[in-house]
Amino acid sequence: MKKIVVFGAGLVSKPLVNYLLNIEDFHVTLGDMDELRAKDMIAGAPNGTAVKINADDKAQIQGLISTHDLAVSLLPYAFHPKIASLCIQNKKHMVTASYVSDQMRELDQAAKDAGVTILNEIGLDPGIDHMSAMRIIDHVHRQGGKIRSFCSYCGGLPAPENNDNPFGYKFSWSPRGVLKAGTNDARFLKDEKVVEIAGRQLFQNQEELILDGFDPFEIYPNRNSLPYIDIYGIPETATMIRGTIRNTGWCAKLFALAQLGLVADTDVDLPADATFLDLMGHVCQAGGAENVIEKVASFLGEAPDSDTMAGFKWLGLFEDRPLPVSRNILDIMTATFLEKMPYKKGERDMIILHHDFEAQFPDNKKRICSTLVEYGVKDGDSGMARTVGLPAAIGAELILNGKIDLPGVHIPDTPVIYDPVLDRLSELGIRFRETQTLL
């Protein structure tokens, strides 16, 4: 019996836990600060155990790791290096869906010395994006070709039939992370030139993405794309862009929020009984409640009845109702977005991951497009949970069955990882549609 401990019973955990529980010789211990939530997820499975954990309790976490063969960390990213260090000390493997941090990268040699595999970025984005991209890149290189351009975009959105609010968005994961991402600077390579965009201008740099069967989407660059030239082994490329997909209208509204300082991770000096109307008056320095809407519109250079202002009204930003307890602006907006944009019973989310390559071969040039569209299950697992949780579960299975034996800190960028994971995902219905056209 192979034993796995999973830390975290959050939004993306259920598909991972269920997948592992369905493997006959696996036992899964699910730890969460909310033991009832963990028990609900285990759902009485005979090969599952739920435990209450305190992620800051090093002795407890080490005790769990030492009695299992592999740990999966679905905790907030700051905990991953701590879990990894304990896994290395106890010579246990680890899987996480999060980006490799500098702290995690520094553990590479220790993991190699201990013979431990620490597999990171094995979710959706990062994860499926890496694996599907590398499969195409490696194929092009094997055919004697070169990648001249690579643009990759990903987004989690409401399914078209449930896209019913002015922002075109609903939350299947942390609203705080979504909003904070809108303040990140972006760097990418386009036509051999490095382009840098300050976070405050991010949402002024959207472009249009057209995919068959859908209304146009907005796409914008995501953080620093330049390291992926080396990560993906394509020094020959003249363009390297990784970005985010949203429904039309998101960028204009988020840009306006950023102009008002409403996605800043800072505290605001307002009285304890302040309302949303007070907050909006504060950020635009309006003199009285009756002037706030006009002042905000004027500050943004918008008409009072514009789509952006209508979105703000729908969000409740001009209502005379109390703010959440926190006086941190980002926390206030996070609570507000989550209240207004949840998935309701019976609604589905939709994941879109789209790669667009230009490849130069000895005798021709091709455009290769590869697109994944994955929908959530009504009243079941979200598409986000499936596409994040299932790759991580498959990675854990492969490590424990000896199919992945790569001591050190890794991402899924090699065939020994990406081929079996993508093949298994395809069996589970998560697959890409690829087209090739001559240029």
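The values are calculated or read from the model by the stated rules, or taken from the named source; none is laboratory data. What you see is a predicted model; the values in this text were computed from it and never measured. Backbone-built Cβ (ideal geometry, glycine too); neighbour counts: all protein chains shown. What goes into the accessible areas is simple: the full protein's heavy atoms, side chains included, and nothing from ligands, DNA or RNA. Shrake-Rupley method; radii C 1.70, N 1.55, O 1.52, S 1.80 Å.
For the chain, what % of the accessible area comes from carbon and sulfur atoms, probe 1.4 Å?
49
Counting Lys and Arg as +1 and Asp and Glu as -1, what is the net charge of the other residues whose Cβ lies under 12 Å from the Cβ of residue 116?
-1
Around residue 260, with a cut-off of 13 angstrom between Cβ atoms, what is the net charge of the other residues, counting Lys and Arg +1 and Asp and Glu -1?
Net charge in that neighbourhood comes out at +2.
Using only the heavy atoms of the protein chains and a 1.4 Å probe, how would 277, 257 rank by accessible area, largest first?
277, 257
At 7 Å along the Cα-to-beta-carbon direction for both residue 361 and residue 212, put a label point, then send me their distance in nm to one decimal.
2.0
Please work out the C-alpha center-to-center distance from the range 81-131 to the range 17-41 and express it in whole Å.
When both Cα centres are located, 21 Å separates them.
So, for the range 207-287, what is the accessible surface per residue at a probe of 1.4 Å, expressed in square angstrom?
42
In the range 356-394, which trypsin sites (Lys or Arg not before Pro) are in a loop and have at most 16 other Cβ atoms within 10 Å, using DSSP for the loop call?
378
Pull out a ≥ b ≥ c, the square roots of the eigenvalues of the alpha-carbon gyration tensor of the chain, then state rounded if a/c is under 1.5, prolate if not and a/b is larger than b/c, and oblate in the remaining case.
Oblate.
Assigning unit charges at the beta carbon (Lys, Arg +1; Asp, Glu -1) and nothing else, what dipole magnitude in debye, to the nearest 20, does the chain show about its Cα centre?
With Lys and Arg at +1 and Asp and Glu at -1, about 820 debye.
Could you work out how far apart the two model spin labels at residue 36 and residue 320 are, taking each label as a point 7 Å from the Cα in the direction of the beta carbon, and quote it in nm?
Here the modelled spin labels are 3.8 nm apart.
For the range 359-400 and the range 161-218, compute the distance between their C-alpha centroids and round to whole Å.
Centre-to-centre distance over Cα atoms comes out at 20 Å.
Nothing charged except the Cβ atoms of Lys and Arg (+1) and of Asp and Glu (-1): what's the magnitude of the dipole of the range 152-264 about its Cα centre? Round to the nearest 20 debye.
That gives a dipole near 580 debye.
Please list 3J(HN,Hα) in residue order for the range 138-155, calculated via the Karplus relation 6.51 cos²θ - 1.76 cosθ + 1.60 where θ = phi - 60°; whole Hz, with x for glycine and proline.
Residue by residue, the range 138-155 yields 5, 5, 4, 5, 5, 8, x, x, 10, 7, 9, 7, 9, 10, 10, 10, 9, x Hz.
Please identify which residues in the range 207-250 have an amide N closer than 14 Å to a label point set 7 Å out from the Cα of residue 437, following the Cα→Cβ vector.
210-213, by backbone N distance to the label point.
Residue by residue, what Karplus-based ³J(HN,Hα) values in Hz, rounded to whole numbers, does the range 188-195 have, using 6.51, -1.76 and 1.60 with θ = phi - 60° and x for Gly and Pro?
7, 10, 9, 6, 6, 10, 7, 10
Sorting 319, 397 by accessible area (1.4 Å probe), largest first, what list results?
319, 397
Report the Cα centroid-to-centroid distance between the range 290-344 and the range 47-66 in angstrom, as an integer.
Between the Cα centre of the range 290-344 and that of the range 47-66, the gap is 41 Å.
Give the long-range amide H neighbours of residue 350: residues separated by 5 or more places, or on another chain, with amide H under 5 Å away, using H modelled in the peptide plane at 1.01 Å from N.
157, 159, 376
If you count only protein heavy atoms and use a 1.4 Å probe, how large is the accessible surface of residue 208, to the nearest 10 Å²?
For residue 208, solvent-accessible area is about 130 Å².
Using only the heavy atoms of the protein chains and a 1.4 Å probe, how would 95, 194, 51 rank by accessible area, largest first?
Order by accessible area, largest first: 194, 51, 95.
On a full-extension model of 0.36 nm per residue, what is the gain between residue 109 and residue 269, subtracting their alpha-carbon distance, rounded to one decimal in nm?
52.9 nm is the gain from fully extending residue 109 to residue 269.
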